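**Q** The structure under discussion is supplied below as structure tokens; questions concerning it will follow.
Each value in this text was obtained by applying a stated rule to the coordinates, not by laboratory testing. Note that the coordinates shown come from a computational prediction; the quantities given were computed from them, not determined experimentally. Every residue, glycine among them, receives a Cβ derived from its backbone with ideal geometry; neighbour counts consider all protein chains shown.
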């Protein structure tokens, strides 16, 4: 029972952070929201008992991709036109 509640809460968080990433006008905030979504996806993989996939998603999706997005936004403009 508790496992299902945790999965539902994580899935709601994934959808909410993806929606925020689409709706935010500030590109840095959208990149952070995508990083949070990726971290929640990593948690979902862990809950589904796939720790190797969760670790890869956390390293590449949440960390590396977010850093690349933030550096690219830093080199260009922060606000969407």
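**Q** Any chance the range 19-27 includes a residue that's closer than 18 Å to residue 73 by Cα, in contact with a strand residue (DSSP E or B) (Cβ under 9 Å, 6 or more places away or on another chain), touching a residue at least 12 places away in the same chain (Cβ under 8 Å) and surrounded by fewer than 12 Cβ atoms within 10 Å (Cβ to Cβ)?
**A** Looking only at the range 19-27, we keep the residues that are closer than 18 Å to residue 73 by Cα, and these are 20-27.
Still in the list and also in contact with a strand residue (DSSP E or B) (Cβ under 9 Å, 6 or more places away or on another chain): 25-27.
Then keep just the ones that are touching a residue at least 12 places away in the same chain (Cβ under 8 Å); that gives 25-27.
Retained after the next criterion (residues that are surrounded by fewer than 12 Cβ atoms within 10 Å (Cβ to Cβ)): 25.
Yes, that holds for at least one residue.
**Q** Scan the range 30-57 for residues that are surrounded by 13 or more Cβ atoms within 10 Å (Cβ to Cβ), more than 9 Å from the chain's Cα centre (by Cα) and in a helix (DSSP H, G or I) and jot them down. Walk me through how you get there before you give the answer.
**A** Of the range 30-57, the ones surrounded by 13 or more Cβ atoms within 10 Å (Cβ to Cβ) are 30-47, 50, 53-57.
Now restrict to residues that are more than 9 Å from the chain's Cα centre (by Cα): 30, 43-47, 50, 53-57.
30, 43, 44, 45, 46, 47, 53, 54, 55, 56, 57 - these are the residues of the range 30-57 that are surrounded by 13 or more Cβ atoms within 10 Å (Cβ to Cβ), more than 9 Å from the chain's Cα centre (by Cα) and in a helix (DSSP H, G or I).
**Q** Sticking with this one: Can you find a residue in the range 64-79 that is free of Cβ contacts under 8 Å to residues at least 12 places away in the same chain and touching a helix residue (DSSP H, G or I) at 6+ places or on another chain (Cβ under 6 Å)? Lay out the reasoning, then the answer.
**A** First, the residues of the range 64-79 that are free of Cβ contacts under 8 Å to residues at least 12 places away in the same chain: 64, 67-68, 71-72, 74-76.
This time we only want the ones that are touching a helix residue (DSSP H, G or I) at 6+ places or on another chain (Cβ under 6 Å), so: none.
Within the range 64-79, not a single residue is free of Cβ contacts under 8 Å to residues at least 12 places away in the same chain and touching a helix residue (DSSP H, G or I) at 6+ places or on another chain (Cβ under 6 Å).
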